1. Is it true that Thr11 is of a type in the set (S, T, N, Q) and modelled with pLDDT under 90?
2. Could you identify the single residue in Lys2, Lys38, Lys6, Lys43 that is crowded, with 17+ Cβ neighbours inside 10 Å, charged (D, E, K, R) and in contact (Cβ under 8 Å) with a residue 40 or more places away in the chain?
3. Where residues in segment 93-105 are outside any loop (DSSP other than H, G, I, E, B) and surrounded by 13 or more Cβ atoms within 10 Å (Cβ to Cβ), which of them is nearest to the chain's Cα centre (by Cα)?
4. Select, from Lys142, Lys152, Lys126, Lys132, the only residue that is surrounded by fewer than 16 Cβ atoms within 10 Å (Cβ to Cβ), on the phi < 0 side of the Ramachandran plot and modelled with pLDDT under 90.
5. What's the number of the only condition in (1) under 13 Å from Val117 (Cβ atoms); (2) part of a helix (DSSP H, G or I); (3) modelled with pLDDT of 95 or more; (4) among the aliphatic types (A, V, I, L, M) that Ala19 fails to meet?
6. If I ask for residues that are within 17 Å of Glu26 (Cβ to Cβ), hydroxyl-bearing (Ser, Thr, Tyr) and either surrounded by 14 or more Cβ atoms within 10 Å (Cβ to Cβ) or modelled with pLDDT of 90 or more (or both), which ones from segment 60-92 would you list?
7. Just to be sure, is Ile4 under 14 Å from the mean Cα position of the chain (by Cα), more than 17 Å from Ile133 (Cα to Cα) and either among the β-branched types (Val, Ile, Thr) or modelled with pLDDT under 90 (or both)?
Amino acid sequence: MKIITKNQKETIELGEKIARGLRGGEILALEGNLGAGKTTLIKGIARGLGIKKSITSPTFVLMKVYKSTDTHGFLTDRRRYKIKNLVHVDAYRLKDEKGLIEIGIGDYLGEKDSVAVIEWAERVKKIFKGKKIIKIKLGLGKKEDERKIILKK
């Protein structure tokens, strides 16, 4: 699916919409150049999951775990889904997945109470082996604040 957002507000709203479709255990693999809107999209995903904290890219710490304050969870198909953690990873400084493994990414990948969002996912492809991922590619649009976003399941 290809989507064009016209500004940051629309990119955040798209992130909120994506969050409404999450059930826990998803791994979102984000790709795109610097300034393409990856962190902006994640701000929307966080908001959609009920996270109140300010979202910043974890470039130097590699991984941040945000706790959801949404206590009602999601009700779909008569089953209740509860996402407690948004795991935000920035792999920009990494050459491979070893650094992420060392800091405990494995504790969250695919876990039903967590959603992992990984910026610069193409740098750490091996951690996705055997995991179902949702690829999200972001790029600059024709206008300054416009973004092209492609989602692939």
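The values are calculated or read from the model by the stated rules, or taken from the named source; none is laboratory data. This structure is a prediction, so every number in the text was calculated from the model and none was measured. No Cβ is skipped: glycine too gets one built from the backbone with ideal geometry, and neighbour counts run over all protein chains shown.
1. No.
2. Selected residue: Lys38, the only one of Lys2, Lys38, Lys6, Lys43 that is crowded, with 17+ Cβ neighbours inside 10 Å, charged (D, E, K, R) and in contact (Cβ under 8 Å) with a residue 40 or more places away in the chain.
3. For segment 93-105, the residue satisfying everything is Ile105.
4. After applying the criteria, what remains is Lys132.
5. Result: Ala19 passes all but (3).
6. Tyr66, Ser68, Tyr81, listed by residue number.
7. When the stated conditions are applied, Ile4 does not pass them.
Matching residues to (1) over 19 Å from Ile18 (Cα atoms); (2) free of Cβ contacts under 8 Å to residues at least 24 places away in the same chain; (3) outside any loop (DSSP other than H, G, I, E, B); (4) under 12 Å from the mean Cα position of the chain (by Cα):
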{"site": "His88", "(1), (2), (3), (4)": "no, no, yes, yes"}
{"site": "Val124", "(1), (2), (3), (4)": "yes, no, yes, no"}
{"site": "Gly139", "(1), (2), (3), (4)": "no, no, yes, no"}
{"site": "Lys148", "(1), (2), (3), (4)": "no, no, yes, no"}
